Amino acid sequence: QVQLVESGGGLVQPGGSLRLSCAASGNDFNIYTMGWYRQAPGKQRELVATIGSGGDTNYADSVKGRFTIFRNDFKNTVWLQMNSLKPEDTAIYYCNCDISLTSGGLTETYWGKGILVTVSS
């Protein structure tokens, strides 16, 4: 079984920065695409950023130039550096990873429990 644990959320003023991290733990697994999604109150969950196993990245238009996603496969961790935060970035942020177990089986998508980011003065 694999678990994803997010950290780094909290309250920040507009224009500020936060760094989210997500660590995968468990036994004998391979991680492929890693990413972050978010869900604001009353809205659907949306993609924020993804990073492939080769380092290729994809960002939502709303965060391009402000957010950076990066990963360390030795630590099984993905980060989301968020700069120039805006009130509209307020949401619960979810980590998302495509993982297969080395014991066999299909690649599955795992989700973290989510972490709250609030951008407010």
* To do: Go through the stretch 1-33 and give me each residue that's touching a Ser or Thr at 6+ places or on another chain (Cβ under 8 Å), of a type in the set (D, E, K, R) and surrounded by fewer than 18 Cβ atoms within 10 Å (Cβ to Cβ).
  => D28
* Qualifying positions in the stretch 87-119 - exposed (fewer than 14 other Cβ atoms within 10 Å of the Cβ) and either in contact with a helix residue (DSSP H, G or I) (Cβ under 9 Å, 6 or more places away or on another chain) or farther than 23 Å from S25 by Cβ (or both) -> P87, E88
* To do: Could you list, in sequence order, all residues of the stretch 66-86 that are over 19 Å from G52 (Cβ atoms) and either surrounded by fewer than 18 Cβ atoms within 10 Å (Cβ to Cβ) or touching a helix residue (DSSP H, G or I) at 6+ places or on another chain (Cβ under 8 Å) (or both)?
  => R66, M82, N83, S84, K86
* To do: Name every residue in the stretch 73-121 that is without any contact (Cβ under 8 Å) to a residue 40 or more places away in the chain and part of a loop (DSSP other than H, G, I, E, B), in order of residue number.
  => F74, G104, G105, L106
* **Of all residues in the stretch 92-121 being among the aliphatic types (A, V, I, L, M) and touching a Gly at 6+ places or on another chain (Cβ under 9 Å), the one that is farthest from S53 (Cα to Cα)** => V119
* Asked: D61 is checked against (1) surrounded by 14 or more Cβ atoms within 10 Å (Cβ to Cβ); (2) outside any strand (DSSP E or B); (3) of a type outside the set (S, T, Y) and fails just one. What number does that condition carry?
  -> (1)
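The numbers here are math on the coordinates, done by the rules we state, and not lab data. What you are looking at is a predicted structure, and each value in this text was computed from that prediction instead of being measured. Cβ atoms come from the backbone with ideal geometry, glycine included; neighbour counts cover every protein chain shown.
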